[in-house]
Structure formats: C-alpha cells, structure tokens
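First up is the structure itself, then whatever we jot down about it.
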Amino acid sequence: MINLVLFGPPGSGKGTQSEKLIEKYGLTHFSTGDILRDEISGKTDLGMKARAYMDCGELVPDKDVIAMVIKNLDKHQGSKGFIFDGFPRTKTQARFLRHELTDRDMRINLMIALNVEREELITRILKRGENSGRPDDERSVIEKRIEVYHKQSAPIIEFYKMMHKFISVDGKGGIEDIFKRICDTIERSIA
Ligand code: AMP
C-alpha cells in the first residue's frame, strides 16, 4: 500500500498530477476540495457552511474538515492506497491524519510538494478560471489562497520533514515532465 500527500500552493498542479498518479499506481484520489464542492452541489449543511469560506479563499474550519474526512476515509476500504490532495492543510489536520491512519494500521509514505513560483501560479489559475466555473479562481481570491497557503499550510512541511517524509519536486514545465519527476521520486523513495 502506498499513501502519498501531494502538497503545494493552489495552482501547483496537484489535481492534474493526482489524476495521472491514480492511473499509474491504481490509488484512490482523496481531494478534500472535490469532496467540499460535492457537498456544495448537494446543498448539504456542510456545503452551505463551507462555501462561505471557500468563496473568499479561507480554509474551512478544521473540525468540519476532520468530520468530513472521517466519514469519507472508510468508504474506500480495500484501496491500494491514497493520494491525499489538498489535505492536510493545517498542523491540526496533519496530526489528525497520522492518528487516523495509525488506527487503521496505515501510514503516509511520502509528502511530495510541487514547487512553482507565485506569478506562474496566478497565471495558471486565471487560465483555469476561464473554464472551471470556480468562484475562487478569481484574482483577489487566488491571492488570498496563496497567502493562506503560506501562513497556514506551509508550516506542515516541518511535520513531514521531521519524519523524513518530505520531498520537494520542481513543478514547472510540461505536465509529462513534471509527472516523470514525481514518478522518479516515488520510485527512488518507496519502491
Ligand atoms: P482545493 O480544491 O484543494 O484548491 O480547495 C478549494 C478550497 O476548499 C480551499 O481554498 C479551502 O477553502 C477548501 N479546502 C479544501 N481542502 C481543505 C482543507 N483540507 N482544509 C480546509 N479547507 C479546505
């Protein structure tokens, strides 16, 4: 079983690369952003609450995200492993994930962080926003999301570094080149 955390600021390519990794390694995609957007489409209480945070680029409160993760983790029993995309995003979530996985006799093998410069992130998300229909793919919200990433999410890098599970990969260039770098990293570190 391989469990990966794909980490990086908004627009660093986590979603795109997750899709390719799932295909190659047969893993289960676990994107809290996608789950939250499904909750919004379903007009659930969680969705309605989460939307207010998401639309302005803030993080949804830990207690709501954690309750949602507990509900969804066990839906995939028997999976060959997970790619956690956009989760964990705070130290509380990182500690919670370690605890939940340990309880299930599982662990994170590697956190792979995609490294992309700020201007490139903004350009990529604005381009995605032309078709994504996501209200948070708009310039002022993108800037807020990048700020939130640096303040609240980037500190969890230390958590994975301490466990010798952190690797940074150059996230610039073509999709296939980045994918190859990620796969090489996985095979060097895990296989
Ligand atoms: P994403 O699709 O991963 O870019 O997430 C879109 C938005 O959903 C984020 O800007 C947050 O508002 C919210 N979100 C997704 N994952 C989390 C998380 N793990 N913790 C808190 N908020 C989250």
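Multiplying the residue separation of D34 and D103 by 0.36 nm and subtracting their alpha-carbon distance yields 22.4 nm. Rg then Dmax, both in Å and based on the Cα atoms of segment 81-124: 13.6, 41. Here K43 is the anchor, and the aspartates and glutamates within straight C-alpha reach of less than 19 Å, apart from those fewer than 8 places off in the same chain, are D34, D55, D64, D136.
P(r) tail for the chain: Cα pairs beyond 22 Å make up 45% of the total.
Rounded to the nearest Hz, the phi-derived 3J(HN,Hα) couplings of segment 159-176 under the Karplus curve 6.51 cos²θ - 1.76 cosθ + 1.60 (θ = phi - 60°) are 4, 7, 4, 4, 8, 6, 10, 9, 9, 9, 10, 5, x, 9, x, x, 4, 5, where x marks glycine and proline. A simple count of charges around E158, restricted to other residues whose Cβ falls under 13 Å of its Cβ and scoring Lys, Arg +1 and Asp, Glu -1, yields +4.
So what's the convex hull volume per residue for the Cα atoms of segment 122-191, in Å³?
Working: hull volume 7.8 nm³, N = 70.
Output value, Cα hull per residue: 112 Å³.
Comparing R51, R139, R104 in a Gaussian network model of the chain (Cα springs below 10 Å), the most mobile by mean-square fluctuation is R104. Running a GNM on the chain with Cα contacts under 10 Å, which residue among D55, D170, D45 ends up with the highest mean-square fluctuation? So, out of D55, D170, D45, the one fluctuating most is D45.
3J(HN,Hα) along segment 10-16, derived from phi through the Karplus expression 6.51 cos²θ - 1.76 cosθ + 1.60 where θ = phi - 60°, amounts to x, x, 7, x, 4, x, 4 Hz, with x in place of Gly and Pro.
Summarising the amide proton neighbourhood of F82: residues at separation of 5 or more, or on other chains, whose placed amide H is nearer than 5 Å comprise I2, N3, L4, T28. For the chain, the relative contact order works out to 33 percent when only alpha carbon pairs closer than 8 Å and six or more residues apart are counted. Counting only other residues whose beta carbon sits under 14 Å from that of S168, what net charge do I get with K and R as +1, D and E as -1? Residues near S168 contribute +2 overall. Taking K and R as +1 and D and E as -1, what net charge do the other residues with C-beta under 12 Å from the C-beta of V116 add up to? Charge balance near V116 sits at 0. Could you give log10 I(q)/I(0) at q = 0.24 Å⁻¹ for segment 51-133, computed by the Debye formula over C-alpha point scatterers of equal weight, without solvent? At q = 0.24 Å⁻¹ the computed log10 ratios are -1.26.
Which residue, K71, K165, K91, tops the fluctuation ranking in a GNM of the chain built on C-alpha contacts under 10 Å? In the Gaussian network model the winner is K71.
Values in this text are rule-based calculations from the coordinates and carry no lab data. Computed from a predicted model, the values in this text were never measured in an experiment. Cβ sites come from the backbone with ideal geometry, for glycine too, and all protein chains shown count toward neighbours.
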